[in-house]
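A short worksheet on the structure shown next.
The values are calculated or read from the model by the stated rules, or taken from the named source; none is laboratory data. If you're wondering where the values come from, they're calculated on a predicted model, not measured in any experiment. Because the Cβ atoms are built from the backbone with ideal geometry, glycine has one as well, and the counts that use them run over all protein chains shown. Just the protein is used for accessible areas: all its heavy atoms, side chains included, with ligands, DNA and RNA removed. Shrake-Rupley method; radii C 1.70, N 1.55, O 1.52, S 1.80 Å.
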Amino acid sequence: MAQGLQASRQWQRISELWVTEEASADLTDFKSDPRNFHLALWDPTTNGVRYLKALLYELATRLTPEEWARIEKVRNREVGNPIAVRIDGKSVCLDYLQASQELGFIEKAVELRGARVLEIGAGYGRVCHAMLSNYDLAEYCIVDLKNTLGLSRRYLREVLDDKQFAKVRFIPVDDDVAAALESSRFDLCVNVHSFTEMAPETVTEYLRIIDRVCTGFFVKNPVGKYLDKSMDGYRKGDEAVQMALENGPLRQLLDIHDTEAVKAAVPAFLDAYRPGHAWTCVREGRGIPWSYFWQAVYTKNDGGTNGEGSGTNGEGGGNGEGGTNGSAGQ
């Protein structure tokens, strides 16, 4: 080899261990094994944060001025040390990027100024934080499991000012939720990626509650379940996978990275999450950035009578170990 045209020490090692003389003997799976992970791709099993930041960076460069404005109004986003990127001196994480886009989707169908909002399954409270930071709400009520409610209460107390926090009401699932909300009326209910992780009968009961006490409903959840061990090797175990497949109003299996399969599942999604017969879907679309998430806004028709819960609540499914944050997760 000519002087100065030798392989670097790094590539000498790669040639010895991965892109060996035998590497071309069998092309089966080579684009998804260590050969290609040293040629064209980073190994996704060990470079999750790298890929997450690459996704976040690309999404952030596409944000509109209005979406950035909503993000910038949310103070204390750095609490909890999120994985973030910086664009033109502004920091953003995926949680609040999604929150900004969700608010932009909702506000085109529901008036949020002065609104009373109910959220079922709020996680640590990002939607609540973003909404109270962008709109002068009258009330924000969160219904959740005891431990998760403890986290959201602590987080929201940390990031909201006194006036904002005073508008937040916390209702644990251990209480009689229907009774606790009986005399309340809300302009909007929010559910982001939690109905898919609840038992089907639980979702049906929540939809009945929404039908009784709300006039607007925003939902963002998967259109179905999937089984793809290549995503994370079922790291949480086969039992966790099976538990996830049992949950949600939609439990059909589909290829979540096939646009035709996802689109074919949308009608069932829109029917399953309709709270009752008096409700109309006024906006719907993909829940970016996830390939198999859909989002919709429903409003209750003026003068309509209460329905009997959701449309079909048939088979199909959420996320979990066959959806995001699970063994075949996001």
query: When the accessible area of the range 1-133 is computed with all protein chains present and a 1.4 Å probe, what percentage of it is carbon and sulfur?
result: 51
- prompt: Cβ under 15 Å from THR20's Cβ, THR20 left aside: what net charge do those residues give with Lys, Arg +1 and Asp, Glu -1?
  reply: -3
- prompt: Helix hunt in the chain: which complete DSSP H runs extend at least 15 Å axially by C-alpha with mean Kyte-Doolittle at least 1.0?
  reply: none
message: I'd like the carbon and sulfur percentage of the solvent accessible area for the range 149-250, probe radius 1.4 Å, heavy atoms only, ligands and nucleic acids excluded.
response: 48
Heavy-atom SASA rank of VAL79, VAL266 (probe 1.4 Å, accessible area, largest first): VAL79, VAL266
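For the chain, with only Lys/Arg (+1) and Asp/Glu (-1) charged at the beta-carbon, what is the dipole magnitude about the Cα centre, in debye rounded to 20?
Computed about the Cα centre, the dipole is about 1060 debye.
How many Å² of accessible area per residue for the range 215-271, probe 1.4 Å?
50
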field: Solvent-accessible heavy-atom area per residue, rounded to whole Å², over the range 68-174 at 1.4 Å
entry: 46
- prompt: What order do LYS90, LYS31 take when sorted by accessible area (1.4 Å probe), most exposed first?
  reply: LYS31, LYS90
statement: Magnitude of the Cβ-charge dipole (Lys and Arg +1, Asp and Glu -1) of the range 1-152 about the Cα centre, nearest 20 debye, reported as 460
Accessible surface ranking that places the most exposed of LEU181, LEU245, LEU17 first, with a 1.4 angstrom probe: LEU17, LEU245, LEU181
statement: The answer for CYS141, listing residues at least 5 apart or on another chain whose modeled amide H is closer than 5 Å to its amide H, is VAL117, LEU118, GLU119, ARG169
- request: Sort all Cα-Cα distances of the chain into consecutive 20 angstrom bins from zero, then give the percent of pairs in each bin up to the one containing the longest distance.
  value: 28, 54, 15, 3, 0
message: From the helices alone, meaning DSSP H stretches of at least four residues, give me the mean residue ellipticity at 222 nm for the chain, per-run term -39500 (n - 2.57), in deg cm²/dmol to the nearest 500.
response: -10500 deg cm²/dmol
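Using only the alpha carbons of the range 70-165, what is the convex hull's orientation-averaged projected area in square nanometres?
Over every viewing direction, the Cα hull of the range 70-165 projects on average to 6.2 nm².
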statement: Excluding residues fewer than 8 positions from LYS225 in its own chain, the aspartates and glutamates with Cα under 12 Å of it are GLU197, GLU246, ASP255, GLU315, GLU321
message: With bins 10 Å wide starting at 0, give me the P(r) of the range 94-223 over every alpha carbon pair, in whole percents.
response: 12, 48, 36, 3
- line: A student applying the Cα gyration tensor rule (rounded when a/c is under 1.5; otherwise prolate if a/b is larger than b/c, oblate if not) would label the range 236-285 oblate
- request: Ignoring everything but the protein chains, give the 1.4 Å probe accessible area of MET231 in square angstrom, nearest 10.
  value: 70
query: Between the range 61-119 and the range 129-156, what's the alpha-carbon centroid distance in Å?
result: 15
- prompt: With N residues in the range 1-43, what two-decimal value do you get for its Cα radius of gyration over 2.2 N^0.38 Å?
  reply: 1.28
